[in-house]
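Everything below concerns the one structure shown next.
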Amino acid sequence: MLTVSGLTVEYPDGGRGVAGVSFSITDGESVALVGGNGAGKTTLLLALAGVLAVKAGTAAVNGLSYSHKDRAEYRRLIGLVFQNPDDMLFMPRVLDDIMFGPRNLGMTERDARCRADEVMDELGISHLAYRSPMKLSGGEKRMAGLAAVLAMRPSVLLLDEPTAFLDPRARRALIRALARLPQSKLIATHDLAFAGGLCGRALLLSDGRLRADGSCAELFGDGSLMDECGLEAVPHTNGEVSL
Amino acid sequence: MRSLKTPSIETPSIETLSMGDSPLHRVHPGVKMVCALALIVLTLSFSRTSFAAMLPFLLYPSVAIGINDIPASLLVKRLLVALPFAVFAGITNLVSDREVLFRLGAVPVTGGMSACAGIMLRTLLCVSYALILMAVTPFPEITARMRAIHIPAIFVQVLETTYRYTGTLADEARALATAYRLRAGSDDAGVRLAHAGSLVGGLFLRSADRADRVWAAMRLRGYDLRGVRAEPKPISLRDWIFLAAVCGSGALMRIVDIPALFAAGIARFS
Ligand SMILES: Nc1ncnc2c1ncn2[C@@H]1O[C@H](COP(=O)(O)OP(=O)(O)OP(=O)(O)O)[C@@H](O)[C@H]1O
Ligand SMILES: [Mg+2]
């Protein structure tokens with residue numbers, strides 16, 4: 001359960017960030033975060049993960065809000081999959097990258113290894129274990145990054161543009177993998193078909209503000225609302241967005 | 001992802017090598033670290049003007065390359081990076097010390113020349129020990145081991161972040177260089193002087209930005225000052241033998257000036 005209220009982030013150099021965003025996501029719910037370029041999606045996710053300093057407002061996972069004292073525990077509950085997987089893969093082998101988090105949690109080598117094997121199995125990437133993350137394809141990197149985050153067993157997953165750079169097959173594999181995950185998810189994306197297929201609900205962000213919060217079918221079909229937010233409505237969606 | 005990164009296919013990276021399997025890979029990481037440190041200390045303990053007496057230490061890099069599928073070209077490339085620093089450190093001696101020690105044929109060899117060569121050899125030897133250690137031991141294992149023996153956390157963390165930053169810097173440099181080359185007209189054109197400034201500036205900004213994100217990703221996955229401590233790993237008899245062999249032979253070569261003995265032997269013979 002993720003609860004956000006009045007979250008405001010400003011960049012020190014005057015960049016807009018996000019202003020007064022409030023919403024909540026229940027356990028296991030998948031919510032799409034849509035908005036044009038520069039709407040503030042990435043900023044919101046980074047702030048929720050505790051990477052960016054928040055100017056006002058609060059965010060809480062399962063009742064635990066982000067504070068200096070609890071930040072380690074808070075970060076453990078939230079998993080952020082970065083827009084660019086290159087930024088989150090930094091160990092010599094995929095396996096080490098996946099074990100990085102569990103090791104930091106203080107797990108023994110054997111437990112960390114078990115956890116990594118489990119996660120790789122879930123995502124079907126066991127064959128990548130001994131490869132160097134630098135030398136994977138875009139889709140493989142995406143999966144490895146997701147695995148690295150899942151190995152922390154977070155209760156809320158934040159995903160930033162997970163389908164960017166993926167070919168149709170890799171995209172389908174990712175959707176299948178995400179749909180199977182039990183966590184609550186907040187997924188920033190430009191891919192409305194993907195959002196509609198995976199999430200029942202969407203948050204519409206524009207100029208750093210939350211413009212609408214409702215079902216995907218309703219929001220994505222609303223021509224004038226989408227237009228105002230710099231997006232294009234998906235024609236004839238009656239809750240049926242094809243993948 | 002980013003298509004501008006040309007993977008370096010010619011030589012595997014040190015990182016890739018460190019994941020391999022060879023006799024040296026299998027030695028206990030702590031033992032390897034002690035050996036590398038011992039060799040560095042021994043090499044640095046030679047007097048300022050010694051040169052020939054250090055030559056036997058070349059044995060270690062040669063043997064390590066010989067038995068571990070470490071391509072010599074990789075070490076040479078990295079050593080070339082260190083060379084300018086070594087030259088810079090040594091070159092002042094040429095001016096400051098002009099006393100002639102001996103003559104090689106017609107060429108007078110001054111104390112400065114010997115010291116300069118000595119400094120270069122010493123630097124290259126020490127860098128090659130460190131490179132070999134890194135080529136046969138995964139970096140995370142090295143730092144985990146450092147934590148296990150209670151080296152101050154802040155020091156280990158600086159080492160880890162520097163290492164990652166060097167990685168991202170190299171990565172960004174490759175991407176930038178390819179992007180530049182693709183738009184520079186001819187393929188093999190170097191960077192034009194007029195562009196060099198903004199290119200280098202851009203490179204540092206980009207990699208600093210990226211390093212920021214990598215750092216965030218690390219923290220999000222629980223990385224903090226404490227880091228990961230290596231679990232105790234038993235030191236086997238083979239490890240002890242390795243330790244004794246490396247440190248013992250190193251100490252011997254430090255105490256006994258083998259090249260001088262040879263020279264004396266040859267002199268007596270002729
Ligand atoms: N590091 C930064 N410093 C200053 N301003 C920034 C910074 N990062 C983003 N911004 C600004 O904050 C606003 C929101 O950016 P953000 O990256 O969150 O958008 P986004 O919705 O993720 O866009 P996209 O879909 O293009 O990824 C933009 O106006 C952007 O210029
Ligand atoms: Mg973004």
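The values are calculated or read from the model by the stated rules, or taken from the named source; none is laboratory data. Since this is a predicted model, take the numbers as computed values, not measurements. Ideal geometry is used to build each Cβ from the backbone, glycine not excepted, and the neighbour counts take in all protein chains shown. Heads up: the accessible areas ignore ligands, DNA and RNA and are worked out on the full protein's heavy atoms, side chains in. Shrake-Rupley method; radii C 1.70, N 1.55, O 1.52, S 1.80 Å.
Which value results when the Cα radius of gyration for the protein assembly as shown is divided by 2.2 N^0.38 Å?
1.20
Identify, among B:Val95, B:Ala217, B:Ala153, the residue whose Cα sits farthest towards the positive end of the charge dipole of chain B, taking +1 on the Cβ of Lys and Arg and -1 on the Cβ of Asp and Glu, with the dipole about the Cα centre.
In chain B, that residue is B:Ala217.
Mind checking which of A:Thr26, A:Thr108, A:Thr189 has the largest fluctuation in a GNM of chain A, springs on alpha carbons under 10 Å?
In this elastic network of chain A, the residue with the biggest mean-square fluctuation among A:Thr26, A:Thr108, A:Thr189 is A:Thr108.
How high is the FRET efficiency from B:Leu261 to B:Arg26, r the C-beta distance, R0 30 Å, rounded to 0.05? Show your work: numbers first, answer last.
Numbers: r = 34 Å, r/R0 = 1.15.
Once rounded, the FRET efficiency stands at 0.30.
With a 1.4 Å probe, what is the total accessible area buried between chains A and B, in Å² rounded to the nearest 100?
The summed interface area works out to 2600 Å².
At what distance in angstrom do the alpha carbon centres of the range A:218-235 and the range A:6-58 lie from each other?
For the range A:218-235 versus the range A:6-58, the Cα centre distance is 21 Å.
Could you work out the Kirkwood radius for the range B:1-143, taking every pair of different alpha carbons, averaging 1/r and inverting it, reported in Å?
Averaging 1/r across every pair of different Cα atoms and inverting gives 16.9 Å.
Per residue, how much accessible area does the protein assembly as shown show when a 1.4 Å probe rolls over the protein heavy atoms, in square angstrom?
Details: 25150 Å² over 513 residues.
Accessible area per residue: 49 Å².
Where the convex hull is taken over the Cα atoms of chain A, what is its projected area averaged over directions, in nm²?
Details: hull surface 51.3 nm².
Projected area, direction-averaged: 12.8 nm².
Can you give the direction-averaged projected area of the convex hull of the alpha-carbon atoms in chain B, in nm²? Working shown, then result.
Details: hull surface 80.3 nm².
Mean projected area for chain B: 20.1 nm², to one decimal.
At 7 Å along Cα-to-Cβ for each site, give me the label-to-label distance between A:Asp13 and B:Val95 in nm.
4.2
Using +1 on the beta carbon of Lys and Arg, -1 on that of Asp and Glu, and nothing else charged, what's the dipole of the range B:139-233 about the Cα centre, debye to 20? It would help to have the intermediate numbers written out before the result.
Numbers: 15 positive and 10 negative charges, 44 e Å.
In debye, rounded to 20, the range B:139-233 gives about 220.
Leaving ligands, DNA and RNA out of it, report the carbon-plus-sulfur percent of the accessible area of the range B:13-137 at a 1.4 Å probe. Could you put the intermediate results ahead of the total?
Values: 4500 of 5980 Å².
So the carbon and sulfur contribution to the accessible surface is 75 percent.
Would you grab the residues whose amide H sits under 5 Å from the one on A:Leu205? Only those 5+ places off in sequence or on another chain, please, with H modelled 1.01 Å from N.
Those lying under 5 Å, H to H, from A:Leu205 are A:Val34, A:Gly35, A:Arg211.
I need the shape label for the range B:99-258. Rule: rounded when a/c is under 1.5, else prolate if a/b > b/c, else oblate, with a, b, c from the alpha carbon gyration tensor.
Values: a/c = 2.78, a/b = 1.12, b/c = 2.47.
The shape class here is oblate.
Give the aspartates and glutamates reachable from B:Lys77 as a straight Cα distance under 14 Å; neighbours fewer than 8 places away on the same chain don't count.
B:Lys77 reaches B:Glu10.
For A:Ala39, what charge total do you get from the other residues with a beta carbon under 11 Å from its beta carbon, if Lys and Arg give +1 and Asp and Glu give -1?
Overall, the nearby charge balance is +3.
Based on DSSP, what percent of beta bridges with both residues in the protein assembly as shown are antiparallel, to the nearest 5?
Around 55 percent of the beta bridges assigned by DSSP in the protein assembly as shown are antiparallel ones.
Where in chain B are the DSSP H helices whose C-alpha atoms run 15 Å or more along the long axis and whose mean Kyte hydropathy is at least 1.0?
Numbers: long enough: B:29-44 (22 Å, 2.11); B:72-96 (35 Å, 1.63); B:111-136 (37 Å, 1.73); B:153-183 (45 Å, 0.06); B:193-220 (41 Å, 0.39); B:237-255 (27 Å, 1.17); B:258-269 (16 Å, 1.59).
Flagged H segments are B:29-44, B:72-96, B:111-136, B:237-255, B:258-269.
Helix hunt in chain A: which complete DSSP H runs extend at least 15 Å axially by C-alpha with mean Kyte-Doolittle at least -1.0? Can you show the working numbers first?
Working: long enough: A:94-104 (16 Å, 0.02); A:109-123 (21 Å, -1.23); A:138-150 (18 Å, 0.46); A:168-180 (18 Å, -0.37).
Helices meeting the span and hydropathy rule in chain A are A:94-104, A:138-150, A:168-180.
Taking 22 Å as the cut-off for C-alpha to C-alpha distance, list the pairs among A:Lys55/A:Lys185; A:Lys135/B:Lys233; B:Lys32/B:Lys233 that go past it.
A:Lys55/A:Lys185; A:Lys135/B:Lys233
Taking accessible area as the heavy-atom solvent-accessible surface of the protein chains with a 1.4 Å probe, which residues of the range B:219-264 lose no less than 50 Å² upon going from the isolated chain to the full protein assembly?
B:Arg219, B:Leu220, B:Arg221, B:Val228, B:Glu231
Rounded to the nearest 0.05, what FRET efficiency do A:Ser224 and B:Ala130 have when you use their Cβ-Cβ distance and R0 = 45 Å?
The value I calculate is 0.10.
Send over the per residue convex hull volume for the range B:48-129, Cα only, as a whole number of Å³. Mind showing how you got there, number by number?
Values: hull volume 8.2 nm³, N = 82.
Convex hull volume per residue, Cα atoms: 100 Å³.
Given a Förster radius of 30 Å and the C-beta distance between B:Tyr163 and B:Ile67 as r, what FRET efficiency does 1/(1 + (r/R0)^6) yield to the nearest 0.05? Please report the intermediate quantities before stating the final value.
Details: r = 26 Å, r/R0 = 0.86.
My answer for the efficiency is 0.70.
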